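The values are calculated or read from the model by the stated rules, or taken from the named source; none is laboratory data. All figures in this text were calculated on a predicted structure; none of them were measured in a lab. Neighbour counts are summed over all protein chains in view; Cβ atoms, including those assigned to glycine, are modelled from backbone coordinates with ideal geometry.
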Amino acid sequence: MELVVPPDLVFVILAAVTLIAAIMALQAKELIYGAISLGISFIGIAGFFVFLDAPYLAMLQIAVYVGAIVVLILFTIMLVRREEADELVDRAERGEGAVGLWLAGLLAVSIAGVAALVGPSLPNTPPTANLPVSSLGPVLATEYPVPLVILALLISAALLGALVLAKLEK
Amino acid sequence: MVGFPPAPDEITALIIAILTSHTFIRVIFFPGFIHLTLVVIFLTWYERKVLARIQLRIGPLYAGGPGGMLQPMADGVKLIFKEVMVPYKADKPLFLGIPLLLVFLAAVPFAVIPFGQNWVIADLDVGLVFVFAMTSLFPSMILIFAWASNSKYPFLGGLRSLFQQVAYEIPMWVSALSVVMLAGSLNLVDITKAQSKIWFIVPAFLSFIVFFISIMAELERLPFDLPEAEPELVAGWFTESSGAIFMLIFMGLYMKLYLMSSLVTVLFLGGWWGPGFLPQPLWFIMKTLVVATFIIIPRGVYPRVRVDMLIRTGWTRLLIIALANVFLTVLLLESGILATWGL
């Protein structure tokens, strides 16, 4: 006796939550509500990863994006003075909306184009369900060593940059 | 299969099947809701009693039961019937909603904590990361609640809580890494099974120390209770909470204390393993309560550290010890010393 939810329904609900939260994040009058909506949107994306049988990625998505990036944004909101923040919101509302619309349209068109070009071949990717997490490490170390090293270099560069910036403040 | 519309006896059979299913029993009774609530109630009384004994007092006594054990019930009744005061110009939905979320976030990770070989709700492949992901949501919740209170002291406490918890999350994760390397798995059941011959506190002793100090800071326990420093910030980030809201926050905090203690038990103290004359869950709970005692005792013993000491310890000492221990674990594993214990 098992409750079976149609996968399409899960996808639609997740997509709705993610998109509505993302729109709320941009439209919220109070900045902190924007940050909270962004967090909810990230959780929706984590839901997509669970849906795609990638629980490890989903957990890291929550830990890194909701647990750290949103915290960073909250910190920034708390440390910016109220008037400055309102000014920023005003400036954003004045004319950049049209640009955003253009960019969104461009993205939609390009995604549609790519889908039209390579669409039929996408569902033929091999199923990766129920792979243990421990199979992730060997794949990273044997098949993708160069991207791994480049990522590590990038992160150390970011770390050094943060250190330099912190020293410059003095 | 159940037809539509279902016959009355089919409905009864379905309800009985649900009520007696493994998942239902585990979620509702043990290790789910009822067990968690009872342990949280017990821990509030236990902490007051331990602290009283340290300070040569008696502690709760008159509420009934052995040693005033029914005191939390009396407190609960009092708090529920008190008025919930929402501060002037506070953000009402957040102020009333976040405490519920705190309890939820502290309770959900228990789904992956193995209380016994068969006593785990969800045998998740990424259990440890799940627990860390859920606990990493606490600081932002706390800051949002502090902001929603619309008051100076909660706000300052919330900011302190945020940087403290974010800073100590990193040594906590890195020190857990050596345990993951020893067990070769992120699954908490597998991690416990790998400790059948030797508890990980022996090969990963440095990690244990770092992890323990980090969870003390994560739980805002003395000597790291800067976010609720009474002489400076009244009661820190929950200064403005009252009545049932205060009760919810306390439940969340004590549940997090129990969660972190059980995490120490799973990662370092062998989880459910113990001599066979007691059932596995009992061993687990006993070990967890011993860990909780060691988290509670410093509250009656040590003074509070300064902010700069806290941050310096976290970033320059604990993190480096934890990182060094990762390399030490690699050496231990490669040298084959641990092979006698099947690692």
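The residues of segment B:213-249 that are within 18 Å of residue B:87 (Cβ to Cβ) and either without any contact (Cβ under 8 Å) to a residue 12 or more places away in the chain or under 19 Å from the mean Cα position of the chain (by Cα) (or both), listed by number, are B:228, B:237, B:238, B:246, B:247, B:248, B:249.
Counting only helices (runs of 4 or more DSSP H) that sit completely within segment B:76-154, those holding 3 or more residues that are out of contact with any Gly (no Cβ under 9 Å at 6 or more places or on another chain) correspond to B:92-107, B:127-135. When segment B:162-178 is filtered for residues that are of a type in the set (A, V, I, L, M, F, W, C) and touching an Asp or Glu at 6+ places or on another chain (Cβ under 7 Å), only B:172 remains. Every condition in (1) in contact (Cβ under 8 Å) with a residue 24 or more places away in the chain; (2) assigned to a helix (DSSP H, G or I) is met by residue B:196 except one, and the failing one is (2). One residue stands out in segment B:214-227 among those that are in contact with a Pro (Cβ under 8 Å, 6 or more places away or on another chain) and assigned to a helix (DSSP H, G or I): the one that is surrounded by the fewest Cβ atoms within 10 Å (Cβ to Cβ), namely B:216.
Yes or no, residue by residue, for (1) surrounded by 11 or more Cβ atoms within 10 Å (Cβ to Cβ); (2) under 27 Å from residue B:248 (Cβ atoms):
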position: B:10; (1), (2): yes, no
position: B:21; (1), (2): yes, no
position: B:48; (1), (2): yes, yes
position: B:53; (1), (2): yes, no
position: B:56; (1), (2): no, no
position: B:65; (1), (2): yes, yes
position: B:76; (1), (2): yes, yes
position: B:83; (1), (2): no, yes
position: B:88; (1), (2): no, yes
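Checking each residue in segment B:325-337 for being surrounded by fewer than 17 Cβ atoms within 10 Å (Cβ to Cβ) and at pLDDT below 85 picks out B:334, B:335, B:336, B:337. Among the residues of segment A:50-76, those that are more than 11 Å from chain B (Cβ to nearest Cβ) and farther than 27 Å from residue B:168 by Cα comprise A:51, A:52.
Would you please name the residue that is farthest from residue A:75 (Cα to Cα), looking only at residues in segment B:135-154 that are at the interface with chain A (Cβ under 8 Å from one of its Cβ atoms) and among the hydrophobic types (A, V, I, L, M, F, W, C)?
B:137
Filtering segment B:45-65 to residues that are assigned to a loop (DSSP other than H, G, I, E, B) and of a type in the set (Phe, Trp, Tyr) leaves only B:62. The set of residues in segment B:165-187 that are more than 12 Å from chain A (Cβ to nearest Cβ) and surrounded by 23 or more Cβ atoms within 10 Å (Cβ to Cβ) comprises B:168, B:171, B:175, B:176, B:178, B:179, B:182.
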